[in-house]
């Protein structure tokens, strides 16, 4: 490890951890996750969980982590649903009615924040359209979503991911792929994609904690979302090869990660070495 890299790691006060492919795969917790979190505690480094997957609510994610034995408080969990709600409140303060292409769990989080979820009806006109990773997607709601997009209504997407990591023998079609379908039908791309790699997704967390970008790292298994978020914000981008990305892909990246590791265990060892 170079002295320059050691110096960067010594400055870290917060680690924002991706979830799928980083601390677990599907429903399987990696065996090195708990020891890694305990190491962060010993080193005095705070951590949060940052996910582009809006298919579950914050409460659902925290419950899932607790079932896996992972400690997590409300303020440590940040999803694209949370970020989208915050964006709407600031940029569309008068919007109340939303057409939400998402799971019941995600829709519930929007409703808990005070929004009305529009029905699949041409008479139930929304103020804003939000497309997300919808594992309960039906053809009728996909068509209704395309209709509202074609009418020129404000159109947001929660995340750009093409697929969601899984430990099952299938491909989980994610929000980016759904938006590509909608673009084919309507000719429109989302006005804004909220989640990673949008730097605001990370800066919102740092602002809450009074941290500078160089004091944070984003750790994840994807270059185009996790690592790029960090690089866009001026933070440390750590790629782990425990999920989607292969070493060959990492080496071919136009904008390489700050660090590439086999997994978070290896990253933890680097942190320990730098701070010792």
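The values are calculated or read from the model by the stated rules, or taken from the named source; none is laboratory data. Everything numeric in this text was worked out from a predicted model, so none of it was measured. When we count neighbours, we look across all protein chains shown, and the Cβ atoms used for this are built from the backbone with ideal geometry, even at glycine.
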- Task: Kindly indicate whether any position in the stretch 249-259 is within 23 Å of residue 34 (Cβ to Cβ) and under 20 Å from the mean Cα position of the chain (by Cα).
- Result: yes
- Query: Does residue 87 qualify as being in the same structural domain as residue 166 (by TED's automatic domain parsing) and either assigned to a loop (DSSP other than H, G, I, E, B) or in contact with a strand residue (DSSP E or B) (Cβ under 8 Å, 6 or more places away or on another chain) (or both)?
  - Reply: yes
- If residue 179 satisfies every condition in (1) crowded, with 21+ Cβ neighbours inside 10 Å; (2) in a loop (DSSP other than H, G, I, E, B); (3) out of contact with any helix residue (DSSP H, G or I) (no Cβ under 7 Å at 6 or more places or on another chain) but one, which is the exception? (2)
- Would you be able to say whether some residue in the stretch 133-146 is buried (at least 17 other Cβ atoms within 10 Å of the Cβ), within 23 Å of residue 50 (Cβ to Cβ), at pLDDT 95 or above and touching a helix residue (DSSP H, G or I) at 6+ places or on another chain (Cβ under 6 Å)? yes
- Message: Which count do you get for residues in the stretch 103-123 that are free of Cβ contacts under 8 Å to residues at least 40 places away in the same chain and more than 21 Å from residue 93 (Cβ to Cβ)?
- Response: 6
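Every residue, every condition in (1) in contact with a strand residue (DSSP E or B) (Cβ under 7 Å, 6 or more places away or on another chain); (2) within 19 Å of residue 49 (Cα to Cα), yes or no:
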residue	(1), (2)
123	no, no
157	yes, no
188	yes, no
193	yes, no
207	no, yes
211	yes, yes
217	yes, yes
226	yes, yes
- Restricted to the stretch 106-120, and to residues that are in a helix (DSSP H, G or I) and out of contact with any helix residue (DSSP H, G or I) (no Cβ under 6 Å at 6 or more places or on another chain), which residue is surrounded by the fewest Cβ atoms within 10 Å (Cβ to Cβ)? 112
- Note on the structure: Checked against (1) surrounded by fewer than 20 Cβ atoms within 10 Å (Cβ to Cβ); (2) modelled with pLDDT of 95 or more, residue 166 satisfies every condition except (2)
- Task: Look through the stretch 204-253, keep the residues that are farther than 21 Å from residue 82 by Cβ and without any contact (Cβ under 8 Å) to a residue 12 or more places away in the chain, and return whichever of them is surrounded by the most Cβ atoms within 10 Å (Cβ to Cβ).
- Result: 212
- Selection status of residue 61, touching a residue at least 40 places away in the same chain (Cβ under 8 Å), closer than 18 Å to residue 22 by Cα and in a helix (DSSP H, G or I): yes
- Task: Kindly provide the set of residues from the stretch 255-265 that are surrounded by fewer than 20 Cβ atoms within 10 Å (Cβ to Cβ) and under 19 Å from residue 235 (Cβ atoms), ordered by number.
- Result: 255, 256, 258, 261
- The correct count of residues that are outside any loop (DSSP other than H, G, I, E, B), in contact (Cβ under 8 Å) with a residue 12 or more places away in the chain and in contact with a strand residue (DSSP E or B) (Cβ under 9 Å, 6 or more places away or on another chain) in the stretch 37-58 is 9
- Query: Restricting to the stretch 89-105, what's the tally of residues that are at pLDDT below 95 and either closer than 18 Å to residue 175 by Cα or buried (at least 21 other Cβ atoms within 10 Å of the Cβ) (or both)?
  - Reply: 1
- Query: What's the number of the condition residue 19 fails, among (1) surrounded by 13 or more Cβ atoms within 10 Å (Cβ to Cβ); (2) at pLDDT 95 or above; (3) outside the structural domain of residue 111 (by TED's automatic domain parsing)?
  - Reply: (2)
- Please state which of the following conditions residue 201 fails to meet, knowing it meets all the rest: (1) touching a helix residue (DSSP H, G or I) at 6+ places or on another chain (Cβ under 6 Å); (2) closer than 29 Å to residue 146 by Cβ; (3) free of Cβ contacts under 8 Å to residues at least 24 places away in the same chain. (3)
- Message: Going residue by residue through the stretch 64-72, is there one that turns out to be assigned by TED's automatic domain parsing to the domain that holds residue 173 and either closer than 21 Å to residue 217 by Cβ or in a helix (DSSP H, G or I) (or both)?
- Response: no
